[in-house]
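Here is the structure we will look at.
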Amino acid sequence: MKAWMFAAVLGIATYSAKAQGGGGAAPSLYPVVQGKTYRFEKITEGVYYATGGGGSNDPIIVNDRDVLIVDDGSTPAAARALIEDLKLITDKPVRYVVNTHFHYDHTDGNSVFPPDVDIIAHEYARTAILTFDVLSREPYKTSQGTRVATLISSLTKQVADETDAARKAALMKQLAAAQNNLEQLKEIKPTPPNVTYASKMVLHKGQREIQLLFLGRGHTGGDTVVYLPKERIVCTGDLMETGVAYMGDAFFDEWVTTLEALKKLDFTLVLPGHGTPFSDKGHITAFQSYLTDVTKQVADLRRQGVSPEDAAQRVDLRSHQKDFPQIQRPGADLRGVRHMYEWMDERNNR
Ligand SMILES: [Zn+2]
């Protein structure tokens with residue numbers, strides 16, 4: 001999950017421009033192959049970064065005989081679009097999918113893959129998908145379920161009220177896209193990974209070594225980092241995004257420690273679950289500092305007896321704006337703050 005998804009929860013105005021994927025993609029430093037839905041940036045030989053599907057960004061690793069994809073988007077339709085567009089860069093079959101964590105925008109494409117495809121994740125991700133009732137809880141609930149329903153009813157009303165023909169036509173187009181999105185959500189069948197590991201797993205594919213590493217809890221209880229030691233590339237999922245990640249399932253202090261372990265790996269490029277590729281380990285330090293700050297501010301407000309709702313309005317993280325430009329005003333995602341209260345309650349009761 002990335003920052004605009006929070007905005008989408010708060011105000012639907014941001015949705016239509018961004019959630020459609022491709023539109024407005026940042027210029028790339030890498031050679032680009034543009035598919036119908038996904039854009040592939042060629043990072044190095046056999047390593048691509050797929051963006052534009054409206055959910056996770058998906059690193060693609062093309063091996064001698066097969067393909068491994070890291071995360072598979074928010075819907076079966078998105079995963080099918082990815083598989084279709086992949087034909088532009090390789091004719092090898094997808095043999096492995098890695099789910100960096102259990103959230104819908106990284107796993108809800110799982111159901112389209114045939115049983116001979118290994119869907120690999122940390123064992124926590126399998127437990128989460130099997131037991132958390134993921135379609136009834138956050139982050140799916142408001143980011144997908146109620147958001148799309150609210151958008152449809154709002155657009156339906158706007159279409160009815162609009163008198164200008166051109167604007168009405170534009171609104172109807174948005175409404176059709178939202179209705180299409182709703183149909184795509186109905187197709188979701190949460191599908192757990194069929195291969196799990198606990199701390200480390202290594203795939204040797206010809207000359208390529210692909211390490212799946214659990215470095216500790218953080219964004220969720222089971223985040224996988226995909227590390228290519230020879231290429232010195234690390235795919236971080238939402239453990240480390242370019243922007244500020246969703247915090248509704250986070251283990252806040254452990255996350256800071258896990259990011260410290262991440263920084264110890266020998267890499268020169270991060271392919272994050274959302275955002276754009278980056279090289280600067282200092283950006284990870286900046287996010288550690290953000291996490292420490294938000295945790296401290298929320299803890300202070302909680303001690304003062306402030307409700308999570310008010311705390312989510314009052315925390316002020318603008319001092320991190322130079323590293324995370326999307327922080328434009330005071331406040332933080334309520335789901336993250338609520339979770340932080342629960343997490344602090346639990347720790348106090350231990
Ligand atoms: Zn995500």
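The values are calculated or read from the model by the stated rules, or taken from the named source; none is laboratory data. This structure is a prediction, so every number in the text was calculated from the model and none was measured. Positions of Cβ are backbone-derived with ideal geometry, glycine not excepted, and every protein chain shown enters the neighbour counts. Just the protein is used for accessible areas: all its heavy atoms, side chains included, with ligands, DNA and RNA removed. Shrake-Rupley method; radii C 1.70, N 1.55, O 1.52, S 1.80 Å.
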Qualifying residue in segment 150-160 (condition: in contact with a strand residue (DSSP E or B) (Cβ under 9 Å, 6 or more places away or on another chain), surrounded by 13 or more Cβ atoms within 10 Å (Cβ to Cβ), more than 30 Å from PHE252 (Cα to Cα) and not hydroxyl-bearing (Ser, Thr, Tyr)): no
Qualifying positions in segment 182-210 - of a type outside the set (A, V, I, L, M, F, W, C) and open to solvent by less than 20 Å² (accessible area, probe 1.4 Å): PRO193, TYR197
Number of the condition not met by THR268 [criteria: (1) open to solvent by 40 Å² or more (accessible area, probe 1.4 Å); (2) among the β-branched types (Val, Ile, Thr); (3) closer than 22 Å to ALA128 by Cα]: (3)
Enumerated strands (runs of 3 or more DSSP E) restricted to segment 182-288, each holding at least 2 residues that are within 16 Å of the ligand (Cβ to nearest atom) and of a type outside the set (Asp, Glu): 225-228, 233-237, 269-272
Number of positions in segment 295-328 that are open to solvent by 50 Å² or more (accessible area, probe 1.4 Å) and of a type in the set (Ser, Thr, Tyr): 1
Test: residue in segment 177-194 that is of a type outside the set (D, E, K, R), under 22 Å from VAL67 (Cβ atoms) and touching a strand residue (DSSP E or B) at 6+ places or on another chain (Cβ under 6 Å): yes
Residue that is surrounded by the fewest Cβ atoms within 10 Å (Cβ to Cβ), among those in segment 43-75 that are among the acidic types (Asp, Glu) and within 13 Å of the ligand (Cβ to nearest atom): ASP58
Filtered residues of segment 45-57 (kept if within 18 Å of ASP91 (Cα to Cα) and either of a type outside the set (Asp, Glu) or in contact (Cβ under 8 Å) with a residue 12 or more places away in the chain (or both)): GLY46, VAL47, TYR48, TYR49, ALA50
Every pair of residues 6+ apart whose Cβ atoms lie under 7 Å, when the first sits in segment 283-311 and is within 14 Å of GLU342 (Cα to Cα) and of a type in the set (Lys, Arg) while the second is assigned to a helix (DSSP H, G or I) and modelled with pLDDT of 95 or more: ARG302/ALA311; ARG302/TYR341
Number of positions in segment 113-140 that are buried (at least 18 other Cβ atoms within 10 Å of the Cβ) and assigned to a helix (DSSP H, G or I): 7
Restricting segment 225-265 to residues that are within 21 Å of TYR30 (Cβ to Cβ) and without any contact (Cβ under 8 Å) to a residue 40 or more places away in the chain, the residue that is most open to solvent (accessible area, probe 1.4 Å): LYS230
